[in-house]
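A.B. asks: Please see the structure below; I have some questions.
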Amino acid sequence: GAVVSQHPSWVICKSGTSVKIECRSLDFQATTMFWYRQFPKQSLMLMATSNEGSKATYEQGVEKDKFLINHASLTLSTLTVTSAHPEDSSFYICSARLAPGPYEQYFGPGTRLTVT
Amino acid sequence: GENVEQHPSTLSVQEGDSAVIKCTYSDSASNYFPWYKQELGKRPQLIIDIRSNVGEKKDQRIAVTLNKTAKHFSLHITETQPEDSAVYFCAASILTGGGNKLTFGTGTQLKVEL
């Protein structure tokens, strides 16, 4: 089956620093990847849609200058949280869609970010 | 944009009973409806999905029904087992040029008691 990995699985950083999270599709090419944020006991909220070779499309209310997304290849997308603050602490999950393919998205294992 | 509502938020059943979770969506253009199971701290796992050209789909103890006219879909789990305990999310998706965007429901915490 299609496998998506994320790195790191958890990270603790100090307020004001930046953190980069990687999302990789291991056995397939993904023209489209998605980044979600999930707060404790809440649903997954889509942050942005990342298309290989083009700028990401951000959802309303998500600051594109704060959450930098790069999708440089068909197997890698990165999310950089810039100038992190404690309120950015959350579970960040990426997903990837087969290219070309059906509607199913394959989710990564998530990255737990804690900003102190 | 799409809005997905999910009920109930918590559901407690006895082992062996059935569990039903219901979702409604707002955008009639939505054409794909997956259900995910998420255990604490883990990734969402697709358990079943249905496309808009089908009214019902079944996979062993799990079934999903879709009513396009009413814009609602439901997850049915029969013969529940303790390992079914988790949070379940429904989602609705519209295929766009850039890829299918999933809008998730608020989740249902299912607890299967012995």
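We did not get these values from a lab; they are worked out from the coordinates using the rules stated. Computed from a predicted structure; not experimentally measured. Please note: Cβ atoms are built from the backbone with ideal geometry, for glycine as well, and neighbour counts cover all protein chains shown.
A.B. asks: Only Lys, Arg, Asp and Glu count, each charged at its Cβ (+1, +1, -1, -1), so figure out the dipole size of the protein assembly as shown about its Cα centre, rounded to 20 debye.
C.D. replies: Taking the Cα centre of the protein assembly as shown as origin, the dipole is about 400 debye.
A.B. asks: Same structure, new question: Provide the FRET efficiency to the nearest 0.05 for the A:Trp10-B:Thr69 pair, computing r from the beta carbons and using R0 = 35 Å.
C.D. replies: 0.20
A.B. asks: With the Cα gyration tensor of chain B in hand, convert its eigenvalues to equivalent ellipsoid semi-axes via √(5λ) and list them largest first in whole Å.
C.D. replies: Listed largest to smallest, the semi-axes of chain B are 24, 15, 12 Å.
A.B. asks: Residue by residue through A:43-54, how many Cβ atoms from other chains fall within 10 Å of the Cβ on average?
C.D. replies: The shielding value for this peptide is 3.
A.B. asks: Along the charge dipole of chain A, pointing to its positive end and built from +1/-1 on Cβ of Lys, Arg, Asp and Glu, which listed residue (A:Ala56, A:Gly110, A:Leu98) has its Cα farthest out?
C.D. replies: Going by the Cα projections, it comes out as A:Gly110.
A.B. asks: Related question: Pick out which of A:Ser73, A:Ser54, A:Ser95 has the largest mean-square fluctuation in a Gaussian network model of chain A, springs linking Cα atoms closer than 10 Å.
C.D. replies: Evaluated over chain A, the most mobile residue of the options is A:Ser54.
A.B. asks: In nm, to one decimal, how far is the modelled label at A:Lys20 from the one at A:Leu76, with both set 7 Å along Cα→Cβ?
C.D. replies: 0.8
A.B. asks: Moving on. Starting with the fewest neighbours, write out A:Arg37, A:Arg97, B:Arg43 ranked by other beta-carbon atoms found within 10 Å of each beta-carbon.
C.D. replies: Starting with the residue having the fewest Cβ neighbours, the order is B:Arg43, A:Arg37, A:Arg97.
A.B. asks: Another one. Using alpha-carbon pairs under 8 Å, 6+ residues apart, how would you state the relative contact order of chain B in percent?
C.D. replies: 36
A.B. asks: Name the residue, out of A:Gln29, A:Gln60, A:Gln42, whose mean-square fluctuation peaks in a Gaussian network model built on chain A with Cα pairs under 10 Å.
C.D. replies: Between A:Gln29, A:Gln60, A:Gln42, it is A:Gln42 that shows the largest mean-square fluctuation.
A.B. asks: Please find, in a Gaussian network model of chain A (springs between Cα atoms separated by less than 10 Å), the residue of A:Thr31, A:Thr80, A:Thr17 whose mean-square fluctuation is greatest.
C.D. replies: Judging by the Gaussian network model, the answer is A:Thr17.
A.B. asks: Okay, next question. With r as the distance between the Cβ atoms of B:Gln109 and A:His85 and R0 = 30 Å, compute the FRET efficiency 1/(1 + (r/R0)^6) and round to 0.05.
C.D. replies: 0.55
A.B. asks: May I ask for the distance between the Cα centers of region A:23-86 and region B:1-75, given as a whole number of Å?
C.D. replies: 25
A.B. asks: Using a 4.7 Å Cβ cut-off, which Cys residues in the protein assembly as shown lack a partner cysteine?
C.D. replies: A:Cys13 - these cysteines have no disulfide-compatible partner (Cβ-Cβ under 4.7 Å) in the protein assembly as shown.
A.B. asks: In which sequence would A:Phe39, A:Phe107, A:Phe67 go, from the one with the fewest C-beta neighbours within 10 Å to the one with the most?
C.D. replies: Lowest to highest Cβ neighbour count: A:Phe39, A:Phe67, A:Phe107.
A.B. asks: Order by neighbour count: A:Met45, A:Met33, fewest other Cβ atoms within 10 Å first, most last.
C.D. replies: If I rank by nearby Cβ atoms, fewest first, I get A:Met45, A:Met33.
A.B. asks: I would also like to ask the following. With the crude spin-label approximation of a point 7 Å out along Cα→Cβ, what separation in nm comes out for B:Lys58 versus A:Thr116?
C.D. replies: Placing both labels 7 Å beyond Cα along the Cβ direction yields 5.4 nm.
A.B. asks: Using +1 on the beta carbon of Lys and Arg, -1 on that of Asp and Glu, and nothing else charged, what's the dipole of chain A about the Cα centre, debye to 20?
C.D. replies: Computed charge dipole of chain A: roughly 180 debye.
A.B. asks: Right, something else. On a 28 Å Cα-Cα criterion, which of the cross-link pairs A:Lys66/B:Lys37; A:Lys14/B:Lys101; A:Lys64/B:Lys101; A:Lys55/B:Lys71; A:Lys55/B:Lys68; A:Lys14/B:Lys42 come out too long?
C.D. replies: A:Lys66/B:Lys37; A:Lys14/B:Lys101; A:Lys55/B:Lys71; A:Lys55/B:Lys68
A.B. asks: Right, another one. Just for the Cα atoms in region A:31-70, what are the lengths along the principal axes, largest first, rounded to whole Å?
C.D. replies: Cα extents, longest axis first: 34, 21, 14 Å.
A.B. asks: With +1 on each Lys and Arg Cβ and -1 on each Asp and Glu Cβ, and nothing else charged, work out how big the dipole of region A:1-69 is about its Cα centre, in Debye to the nearest 20.
C.D. replies: Magnitude of the dipole: close to 260 debye.
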